[in-house]
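Below is one structure, written out as structure tokens; the observations come after it.
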Ligand SMILES: [Zn+2]
């Protein structure tokens, strides 16, 4: 296969995903927050998606990263001109779920910072990122890839948790094949569960936000964070159209003992935490934004409606210490300005917390509304 055919195949993958996203844009999943099902669960839709992803992630290693980024940038720039009505804000997703009790301590909104560490480069920047957040009085979670291109030192995990940060799991190998077959997923899920026990992790986010919410019940975890309210730039672009966390019940879970198990076990279900602010890579690397203005605008909207502002920032793309950013990096000062804005504008009225705590809160609410 020639390079131009490879490029066209990759571009086609992105285009198809976008078209599906457009078709779904009027579908709202904002029903009682413990009653969600997987919108991409039709058999034919899932099969075509699995096939497309298998082809894409099979070809991907043969195309140099700079070419892939250039393709994504070009497509993202074009896409942006067509999606103003659904991104970064999708109207309708601000409706609170039925029986929503509000956030603990009467806080106006939840503010959840998460990080996926993609490579050795990101790994080497975790401490700088932790320090930036600590200095401003924030905590966050760091998701590491257990069997990716780096090994996670136990000391780093311990240092993070000792400082009040959370450690989570990011995929297993981060190769795009986590959901490529049911059998493979079962095998990989067992390994993820083993790492979660070893690391004391409570949640997962898959690579490239690929997901199958029905299969995730194999994981013995309290939450998944691979969905989003609206993000047409992702390879599996169907949004959940809500800025609130929601409960995903296990269709095969027993209801007896539910009350005791809901909080600490995944046997009856798990909590889904959609990210609701655009990813840093999309904003600053693909769309080449020069300020955090889009984050701020979306955050104001989420705060106004009492939702959950959850962002995924990758240390891999953060350029610290006034170094010159490469084409796949952006100045850490963008992120710092955003945090400064939140702490000044909303001092005392938001709940800065970790995904685990949101999941535990959400599980308790689910339990209360069912009893
Ligand atoms: Zn990732």
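Okay, here's what the table says:
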read-out: The range 43-166: radius of gyration and largest Cα-Cα distance (Dmax), Å; value: 19.8, 51
read-out: Sorted by Cβ density within 10 Å, fewest first, the residues 150, 57; value: 150, 57
read-out: Distance (nanometres) between label positions extended 7 Å along Cα→Cβ at residue 96 and residue 368; value: 1.2
read-out: Spin-label pair residue 173/residue 63, simplified geometry with 7 Å Cα→Cβ offset, distance in nm; value: 2.1
read-out: Burial ranking of peptide ranges 351-357, 223-229 (average Cβ count within 10 Å, highest at the top); value: 223-229, 351-357
read-out: Separation in nanometres of the label points that stand 7 Å from Cα toward Cβ, at residue 347 and residue 120; value: 4.4
read-out: Span from the the range 331-371 Cα centroid across to the the range 51-89 one, whole angstrom; value: 29
read-out: At 0.890 mPa s and 25 °C, Stokes D of the range 282-358 from Kirkwood alpha-carbon radius, µm² per second; value: 179
read-out: Burial order of peptide ranges 291-303, 334-346 (average beta-carbon count within 10 Å, highest first); value: 291-303, 334-346
read-out: Per-residue Cβ neighbour rank within 10 angstrom, fewest leading, 165, 144; value: 165, 144
read-out: Residue 135-residue 287 FRET efficiency (beta carbon distance; Förster radius 25 Å; 0.05 resolution); value: 0.35
read-out: Net lengthening on full extension, residue 48/residue 151 (0.36 nm per residue, minus Cα-Cα); value: 33.7 nm
read-out: Residues 197, 364, 328 arranged by fewest to most Cβ contacts within 10 Å; value: 197, 364, 328
read-out: Peptides 201-212, 124-135 ordered by average Cβ neighbours within 10 Å, highest first; value: 201-212, 124-135
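Read the figures in this text as sums done on the coordinates, not as results from a lab. Since the structure is predicted, the reported quantities are computational estimates derived from the model, not experimental observations. Methodologically, a virtual Cβ is constructed for each residue, glycine included, from the backbone with ideal geometry; neighbour enumeration extends over all protein chains shown.
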